[in-house]
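Coordinate-derived values only; no laboratory data. Small disclaimer: the values here were computed from a predicted structure and weren't measured. As a convention, Cβ positions derive from the backbone with ideal geometry for all residues, glycine included, and neighbour counts pool all protein chains shown.
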Amino acid sequence: MAAAGDKSERPTGKRLRESRERGKVARSRELSGAVTCLGGSLAIYFSSGVVFTHMQLLMQELWGQGFRAATEGGLTQTLFLQVAEHFFLMIAPVALVILTLGLATDIIQVGGFLIAWEALTPKFSNLNPFKGLKNLFSPRSLVELAKSLLKLLVIVYIVFWIIRDEQDRFLPLIETPVMDTVILMGSLSLKIAVRASLAMLVLSGLDYAYQRWQYTRDLMMTKQEVKEEHKQSEGNPQIKARIRSLQRSMARRRMMAKVPKATVVITNPTHYAVALRYDADEMAAPVISAKGADRIAQKIIALARENKVPLYEDPPVARALFREAEIGEPIPADLFQTVAEILAYVYRLKEAKREG
């Protein structure tokens, strides 16, 4: 097995896809927590009027009908539905914002919606206590511990900072109504939540960059692994060469099978041979049935002689047809006249043989 220092190559697309299928992606849990906390705090701030209104209505319902329900022996269905409705309307905006931001943050981090069944499958190896102890003192666990301590210090500092700045507002609370005290405590709590969330958002952004770096580092490959993967993806070069050779051989056999049906074979006479087929009822122009150079040309000529296909020696036309047209295609338009004269000669020759 290659040492970690030998892994100098960035992960290939195939390796990244396989890692993603296993549920291993670059993701920061702190980023999702910071975004949802900030979004939830702002949702509470902007929906505080709605929350306060329904809180008053809830207290009125409980004060008005709660005592009656208690004296009559139980909670009525109407009161239960009213209480549930007020609770739902109080928490729905915040819950919806938190749920939406949580899903959106995770989807953006992992690059789309992802369900990795392999990651969801329970593994009994994870229950190994020795493995757990080993992971507990690993460098990665120490990094996570350092991040947790840093977050704790930041939050403690923010709380201390806000309480220090607002300390003059605490002493008068002794003489203020309870509702004013609740409002002040809620305002301070919201301020702490927003500022702590903003600080966590900055830290989680750095954590996400670290997670991406760590993720790429874990998937780094050696040069040999890249070569092996390339072989698996592209196929063994020797096997591919053999397949190409077989494909060429099969194509050549199919081409040779068309030579006996050709109308004429135009030759160089030894270096090029092009077989043409023409049927005035079916074709607008002669079509290349087969062509070849050197050894293939000699095979075409020999096969044409065996099947009594007329041979016509015209080096310039043979070279032009060989270079300018592919098998199965009509001849080039600039050669129509020349090939028409050759075909006319071949037809006259056949006619003379029939009459003779």
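Data for the structure
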quantity: Rounded to the nearest 20 debye, dipole of region 189-231 from Cβ charges on Lys, Arg, Asp, Glu; calculated: 200 debye
quantity: Listed residue (Gln298, Ala285, Ala318) projecting farthest to the positive dipole end of region 254-356, Cβ model; calculated: Gln298
quantity: Above-threshold pairs, the threshold being 30 Å between Cα atoms, out of Lys24/Lys231; Lys14/Lys151; Lys240/Lys291; calculated: Lys14/Lys151
quantity: Phe88, Phe52 arranged by Cβ crowding within 10 Å, fewest neighbours leading; calculated: Phe88, Phe52
quantity: Sites Arg244 and Glu313, calculated FRET efficiency, Cβ-Cβ separation with R0 51 Å, nearest 0.05; calculated: 0.95
quantity: Dipole magnitude (debye, nearest 20) for region 250-356, charges at Cβ of Lys, Arg, Asp, Glu; calculated: 620 debye
quantity: Integer Hz, Karplus 6.51/-1.76/1.60 couplings in order for region 301-312, x for Gly and Pro; calculated: 5, 5, 5, 5, 5, 4, 9, 6, 8, x, 10, 10
quantity: Mean shadow area of region 246-350, taken as a quarter of the surface of its Cα convex hull (nm²); calculated: 6.2 nm²
quantity: Distance between modelled label sites at Ser187 and Ser8, nm, 7 Å Cα→Cβ extension; calculated: 6.3 nm
quantity: Residue-span extension gain [Glu85 to Ala302] - 0.36 nm each, minus C-alpha spacing; calculated: 68.6 nm
quantity: Extended-chain gain in nm, criterion 0.36 nm per residue less alpha-carbon gap, Glu175 and Tyr210; calculated: 7.5 nm
quantity: Which of His54, His230, His86 has the fewest Cβ neighbours within 10 Å, and the rest in rising order; calculated: His230, His54, His86
quantity: Cα shape, region 1-60, gyration tensor, a/c 1.5 rule; calculated: prolate
